[in-house]
1. Taking K and R as +1 and D and E as -1, what net charge do the other residues with C-beta under 12 Å from the C-beta of Gly159 add up to?
2. In a shell of Cβ-Cβ distance under 15 Å around Gly226, excluding Gly226 itself, what net charge do Lys and Arg (+1) and Asp and Glu (-1) give?
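Just so you know, all these numbers are worked out from the coordinates, no wet-lab data involved. This one's a predicted model, so the numbers in the text were calculated from it and none came from an experiment. Methodologically, a virtual Cβ is constructed for each residue, glycine included, from the backbone with ideal geometry; neighbour enumeration extends over all protein chains shown.
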Amino acid sequence: MAISAFKPEVWNANLLVTLEKSHVYAAPGVVNREYEGDIANYGDTVHITSLAEPTIGTYTPHTDITIEDVDDTDSTLLIDQSKYFAFEVDDVEKRQAFNGGKVLTEQARKAAYKLRDVADAYVAGLMAAGVHAGNLVAEQTISKATGSAKAYDLLVDLGTVLDEDNVPTEGRWVVVPPAFYGLLLRDSRFVSTGDAQAAATRANGVVGEAAGFTIRKSNNAPDGPGAGAGKLILAGYNGAVTYAEQINKTEATRKEKGFADIVKGLHLYGAKVVRPTGLAAADVIVGA
């Protein structure tokens, strides 16, 4: 039976929705995704224009003012990541499964989750490598037994680092690994934010609000640069990193030598740290 009702554009949209619901480091609100519609193929380059800071002068009556040109700098976002999925469902197996048509849909959903996981880990690593050197808090160990206050205070310290670099307070986020999140749950300053408003935000890895940050939880936290087994607590605002992705192609065909439906898809994406001082990080070991 051929897949006569297959509509690639519908599958593409569904896959992207699944990716957006699953992203943490690459989620809207963490990264800037306004260039999403500008990519079509692997190797595409998106040009990002940044304006230079204007000079503020002192006006003196009856004296000519200095008029300066509007200078800009151009940076590029390269779509250099291409990942795919491909699977088949045999006609016999599909026939034996309850509502066999759902087999392809469910497998595509799982494929989208795996694509998300790979892309999210990529963006996390990019952020870790792109943090300004002066915004990295050195490796430290926080005890599970007594370190809840220290964990919350660390969020305050990361916010201070961003403040000192004139990073906007709007759109600030922090991504923490589960062990660190467990420490926060022991601190009344964090738990007290667990009201109805905080509960309503628990999507896309969001687990609460505290210390001026939207807090997200992820198992993709990068390893810290220290000698121990630390994980990086990454913080920033939504203008520090640019990310763009597309499910470029989704195709369904019949297997040439067999009786099976084949579905395959191509995920294109790229990311760039455009403001290193818009990120801050702490290397943290959650000890016993």
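1. Taking every other residue near Gly159 into account, the sum is -4.
2. -2
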